[in-house]
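This report concerns only the one structure given below.
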Amino acid sequence: MEYNIYTIRKLISYNRIEWSGHILKKMQQRNIKIKDVLKTIENGRIIEDYEYDKPFPSCLILGFSDDKGLHVVCSVGQDVGGLDYVCMITAYYPCKNKWHEDLETRRKY
């Protein structure tokens with residue numbers, strides 16, 4: 001399925017969201033709230049696509065919540081009824097050792 005940031009936002013507005021156990025665990029460890037993830041997607045943009053991810057292609061979104069840059073990885077999939085939904089995969093604050101100041105360019109080592 002092809003998607004873009006607008007598709008993701010639309011599905012979220014319809015509450016078509018699946019929160020993986022992984023993201024919920026990582027959010028708790030990193031003190032990231034659900035509202036932070038949703039706000040990041042609301043004002044963010046896709047900075048990387050992972051078209052070969054399984055079971056569905058995913059993407060990395062950079063956005064901001066409370067003036068802090070946040071990365072969210074999610075995918076758009078279909079349930080058994082054929083309805084689209086957003087699967088939240090992980091969320092983290094970008095590490096300055098791995099990302100340039102723009103928070104969208106990976107450092108090369």
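Just so it is clear, none of the values below were taken in a lab; they were calculated from the coordinates. Bear in mind the structure is a predicted one, so any value in this text is a computation, not a measurement. Here Cβ is always computed from backbone atoms with ideal geometry, including for glycine, and neighbour counts include all displayed protein chains.
Table for the structure above
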item	result
Boolean, Glu48 is farther than 22 Å from Glu104 by Cβ and in a strand (DSSP E or B)	no
Candidate set from the stretch 89-107 (those that are hydroxyl-bearing (Ser, Thr, Tyr) and under 9 Å from Leu70 (Cα atoms)); member that is farthest from the chain's Cα centre (by Cα)	Tyr93
Leading residue by the ranking (surrounded by the fewest Cβ atoms within 10 Å (Cβ to Cβ)) among those in the stretch 51-60 that are in contact (Cβ under 8 Å) with a residue 12 or more places away in the chain and assigned to a loop (DSSP other than H, G, I, E, B)	Pro55
Close pairs from the stretch 1-24: first in contact (Cβ under 8 Å) with a residue 24 or more places away in the chain, partner assigned to a helix (DSSP H, G or I) and surrounded by 14 or more Cβ atoms within 10 Å (Cβ to Cβ), Cβ under 7 Å, at least 6 apart	Ile8/Ile41; Arg9/Ile41; Arg9/Glu42; Ile12/Leu38; Ile12/Ile41
Extreme residue, surrounded by the most Cβ atoms within 10 Å (Cβ to Cβ), among residues of the stretch 1-37 that are charged (D, E, K, R), more than 20 Å from Leu62 (Cβ to Cβ) and out of contact with any helix residue (DSSP H, G or I) (no Cβ under 9 Å at 6 or more places or on another chain)	Glu18
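Residue-by-condition table, conditions (1) surrounded by fewer than 11 Cβ atoms within 10 Å (Cβ to Cβ); (2) part of a strand (DSSP E or B); (3) of a type outside the set (Ser, Thr, Tyr):
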position: Val73; (1), (2), (3): no, yes, yes
position: Gly77; (1), (2), (3): no, yes, yes
position: Gly82; (1), (2), (3): yes, no, yes
position: Ile89; (1), (2), (3): no, yes, yes
position: Cys95; (1), (2), (3): yes, no, yes
position: Glu101; (1), (2), (3): yes, no, yes
position: Glu104; (1), (2), (3): no, no, yes
